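The values are calculated or read from the model by the stated rules, or taken from the named source; none is laboratory data. Quick caveat: nothing in here was measured; it's all calculated off a predicted structure. Reconstructed Cβ throughout: ideal geometry from the backbone, glycine too, with neighbour counts over all protein chains shown.
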Amino acid sequence: MADSSKDELEKLEKLRAELESKLLIVQKDRNTLEETTKILREKAAVRELEKKLREEQDALSSLRIEKKELEDKTKEPTKLSISEAIQKTKAEIENKKDTPETEKEEQPKVIWKKDEQIPEAESDESSEDKEKKKKLRFF
């Protein structure tokens, strides 16, 4: 009986050692899979963040373009400030007062329009009036 119990004890010890080694292998595989899964999760998270970042950058770029277009639309040609416009108008008036009468009367220029000749002097007065009105609109 001692032999059979010894044999049985040896078999159980071998089985135990075998099971322990299998358990170690399974634990190593589990650890490896957990690490691989963790890496894959991080990669997926990084890709998702990269995707969101690209979308946000695209949206930001679109907004910048829209802002620039709107700024360009709202910008008017360079306007003089009110004080500059006043000074310019005063200077023009002074220049007109200072010019002698002989310089004011120039030869009328001819503009051809549909086979008709119209002296430009008549149209100059209206254009000067228009310019003054434009300047006054500024106020």
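State yes or no: is Arg16 under 44 Å from the mean Cα position of the chain (by Cα) and not polar (S, T, N, Q)?
Here the answer is no, as Arg16 does not meet what is asked.
Restricting attention to the range 71-106, which residues are part of a loop (DSSP other than H, G, I, E, B), exposed (fewer than 10 other Cβ atoms within 10 Å of the Cβ) and modelled with pLDDT under 55?
Across the range 71-106, the qualifying residue is only Glu105.
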